[in-house]
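The values are calculated or read from the model by the stated rules, or taken from the named source; none is laboratory data. Predicted model, so just to flag it, every value in this text is computed and none were measured. All Cβ positions, even for glycine, are placed from backbone atoms using ideal geometry, and neighbour counts span all protein chains on display. The accessibility values were calculated without ligands, DNA or RNA, using every heavy atom of the protein model including side chains. Shrake-Rupley method; radii C 1.70, N 1.55, O 1.52, S 1.80 Å.
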Amino acid sequence: MKTFIVMAPPEFEDIAGDPRQTDRLQFVPDRFSVPAFLFSFVWLLVHRMWLVLLGYLALSLALELLALTARQEIVGVAALLVTLLFALEAQSLRRWSLVRKGWRVVGIVDAANREEAELRFLHKAADRLSPARVRQDRDRPARAPIVPRIGSEQVVGLTLGPETRQ
């Protein structure tokens, strides 16, 4: 099973709203990316990750300049390691790029593939929004928050509340 992080665009309101908005959700897998390993430059262009592309090009240029002065075997191993590291972190960089564009994480799903992840996420969201579930949550009395106290003083973090300060 793979883990998918579900990301929603900035204008995404709620799953209960317009069902056509769910088509814009991105299910980003948290795994090694073979296409990013084999076709790094093209993978970055397809996913429109411009800042990461600039960093990748700068690192590639540095490796090319290193190739002029160092032994070819060392440079080849370094290039392989950089590409391997990029493929390991490609999906994390994709999530980072989406967050920079205003996208937000709305869920995490474990599934065998992307289609199953979509079904599981949307089914869980529909279950939360079912009329019987909403009615049941509305009828249940709200629980009071647990507030630790020392004597008659309210504890906030590691200090006493503001009413005890002199």
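Give me the residue from the range 40-53 that is open to solvent by 40 Å² or more (accessible area, probe 1.4 Å) and not charged (D, E, K, R) and, out of that set, nearest to the chain's Cα centre (by Cα).
That would be His47.
Which residue out of Glu115, Glu64 is within 22 Å of Asp127 (Cβ to Cβ) and free of Cβ contacts under 8 Å to residues at least 12 places away in the same chain?
Glu115
Would it be correct to say that Arg48 is in contact with a helix residue (DSSP H, G or I) (Cβ under 9 Å, 6 or more places away or on another chain) and among the basic types (Lys, Arg)?
yes
Among the residues of the range 54-108, how many are of a type in the set (Gly, Ala, Ser) and under 21 Å from the mean Cα position of the chain (by Cα)?
Matching residues across the range 54-108 total 7.
Which is open to solvent by 70 Å² or more (accessible area, probe 1.4 Å), more than 29 Å from Asp127 (Cα to Cα) and either of a type outside the set (Asp, Glu) or at pLDDT 95 or above (or both), of Arg20, Arg100?
Arg100
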